[in-house]
Amino acid sequence: MSIFNGIEFKNSFGELPGELYTKQSWSSFEKTQLVAFNESLARELGFDPEIDPHEMIKVFNGEISVLDSEPLAMAYAGHQFGSWVPELGDGRGILFGQIKTASGLRDLHIKGAGKTPYSRFADGRAVLRSTIREYLCGEAMHGLNVPSSRSLIMYGGNEPVFRETTETAAMMVRVARTHIRFGNFEYLKHNGKSQYLEDLLNHVIDEYYSELSDEKDKYAKFFDNTVKATAQLIAHWQAIGFSHGVMNTDNMSILGETFDYGPFGFLENYNPEYICNHSDHEGRYAFNNQPSIGHWNCQALAAALEGLVPEKKLMESLGKYGTYFYDHLADLYRAKLGLKNKDAQDLKLVEGLLNWLKEAGLDYTNFFRNLHQIHEPNQSIFADAEGEEWLDSFMKRFNQEKISTKESRVMMLKNNPKYILRNYLAHEAIKKAEEGDFSEVEKLHKILSEPFDDHPGMESYAIASPDWGKNLEISCSS
Ligand code: AMP
Ligand code: MG
């Protein structure tokens, strides 16, 4: 019996012109070891709830072939740290296929699957360390309600891989609404393959925007949707304190999902200039640059669509990026502050709070988690005059609301997480996993998938990172 019994399988990207990919199989590990299995995602995707993850590994490690899967490596390009790189592509990943779920299509992509024509001089593998980080962060973001790719299963192999030191290889099945990036369009446009752009656009409309298929300006609407989804995604990153680290156009999903986790980091003490990627010397992808980089990336996508979308339309959508971003940011912060009604001055109020928080140097996540205490008598969250001043303006604003303090507190606890994936927590889980103990990965998975819940007994996972953990250097090596 196949693990895909009852699941509707698709391979539509492989029906596009061959310039967009290379069809090929992947390199199995000789021996595998289960590291983590995402049971709830498996259920959401429609797999048998009783499924044995070891059987699943056999399929994704290529020991059993199923269906008429025609795996492929996608071709794409991108702007990396602002510089044009004409040939990237899946150098260590394979699009296994897509499955239909109640909430739309999901790509299954095997990361760490060996060499492809796009591997250049690299080995096509991923290390256990970075695979665990991606697995956990996808779940953490999903738990935080931030659109994200996720992981279905992760398994180690018996091959050594060489990075700064010798490490263990691993593969992971990444699940995303799409693996089409801004860079797929750029690849065609700037490599003399513009004639295929319409094929790719039509594919995107068919698969993800079928409601637009009869509309005259469907390509312009697709672009506008991508601009909006990108702006809203980045607003969510800012509100939750997430820094992606490598916002190259080849890491930007056209559907606005967080994608391709590398040296990411969550804010510790509130520092808007935080740079999580140790290799980002200029701070191009610093936390407070993310919104403008999102816009820059949309401009790069617009350049790839010139000729197919009227310039006026492209400019109009790019011009709306700021509004899409700030409107969403205001909604998210209102929820964090336990406010329901909209007020034009709300972002000013937030700015005042963040300025104070920066001076106070407090832990971003824990500060917001505790903020509901402002509705308690004699609280001492704002222990200085500037803080008290902010609190006064907040209380004036709150008193215009129709909701009770009780309702407001509930809202705050639902929108300010207790648990985030602090780098040191990932580091500890990885250290154990490298010794063959995956219990910490499992524990983190559980807590992070429900980050707004209390999880009694797990409080030590919610405290601010120890100093050594705040200064961990995370490189691009993966
Ligand atoms: P990333 O930094 O993971 O977004 O990857 C950037 C590009 O380098 C993509 O084209 C990847 O497929 C490729 N790449 C990264 N690591 C490897 C590797 N170990 N082997 C082959 N290609 C890789
Ligand atoms: Mg990438």
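The values are calculated or read from the model by the stated rules, or taken from the named source; none is laboratory data. Here the structure is a predicted model, which means the values were calculated and not measured. Here the Cβ positions follow ideal geometry from the backbone for every residue, glycine too, while neighbour counts run over all protein chains shown.
Of all residues in region 252-275, those satisfying the criterion of being in contact with a helix residue (DSSP H, G or I) (Cβ under 8 Å, 6 or more places away or on another chain) and near ligand 1 (Cβ under 10 Å from one of its atoms) are Phe259, Asp260, Tyr261, Gly262.
Cβ separations smaller than 6 Å between residues 6+ apart or across chains give the following pairs from region 277-289 residues that are closer than 19 Å to Ala235 by Cβ to residues that are at pLDDT 95 or above and hydrophobic (A, V, I, L, M, F, W, C): Tyr285/Met247; Ala286/Ile275.
Of the residues screened, Ile110 is one that is β-branched (Val, Ile, Thr), away from ligand 2 (no atom under 14 Å from the Cβ) and within 13 Å of Met171 (Cβ to Cβ). Step by step: first the residues of region 43-101, then only those that are among the aromatic types (Phe, Trp, Tyr) and in a strand (DSSP E or B), then the one that is surrounded by the fewest Cβ atoms within 10 Å (Cβ to Cβ). Which residue is that? Filtering region 43-101 for residues that are among the aromatic types (Phe, Trp, Tyr) and in a strand (DSSP E or B), the one surrounded by the fewest Cβ atoms within 10 Å (Cβ to Cβ) comes out as Trp84. Here Tyr118 meets each of (1) away from ligand 2 (no atom under 16 Å from the Cβ); (2) of a type outside the set (S, T, N, Q); (3) part of a loop (DSSP other than H, G, I, E, B) with one exception, condition (1). Considering Tyr274, Tyr326, the condition of being more than 16 Å from ligand 2 (Cβ to nearest atom), surrounded by fewer than 22 Cβ atoms within 10 Å (Cβ to Cβ) and in a loop (DSSP other than H, G, I, E, B) is satisfied by Tyr274 alone.
Being touching a residue at least 60 places away in the same chain (Cβ under 8 Å) and over 14 Å from Glu139 (Cβ atoms) is not true of Ala429.
Within region 79-119, restricting attention to residues that are in contact with an Asp or Glu (Cβ under 8 Å, 6 or more places away or on another chain) and within 8 Å of ligand 1 (Cβ to nearest atom), the residue that is nearest to Gly283 (Cα to Cα) is Gln80. Only residues that are in contact (Cβ under 8 Å) with a residue 40 or more places away in the chain, out of contact with any His (no Cβ under 8 Å at 6 or more places or on another chain), on the phi < 0 side of the Ramachandran plot and more than 13 Å from ligand 2 (Cβ to nearest atom) were counted in region 76-95, giving 1.
Scanning region 135-150 for residues that are assigned to a strand (DSSP E or B), at negative phi and either charged (D, E, K, R) or in contact with a helix residue (DSSP H, G or I) (Cβ under 8 Å, 6 or more places away or on another chain) (or both) turns up at least one hit. Has region 4-24 got any residue that is within 17 Å of Ile153 (Cβ to Cβ) and of a type in the set (A, V, I, L, M)? There is at least one residue in region 4-24 that is within 17 Å of Ile153 (Cβ to Cβ) and of a type in the set (A, V, I, L, M). Within the set Glu401, Glu388, the sole residue that is surrounded by fewer than 19 Cβ atoms within 10 Å (Cβ to Cβ) and in a loop (DSSP other than H, G, I, E, B) turns out to be Glu401. Checking Ser292, Ser279 one by one, the residue that is farther than 24 Å from Arg106 by Cα and more than 14 Å from ligand 1 (Cβ to nearest atom) is Ser292 and no other.
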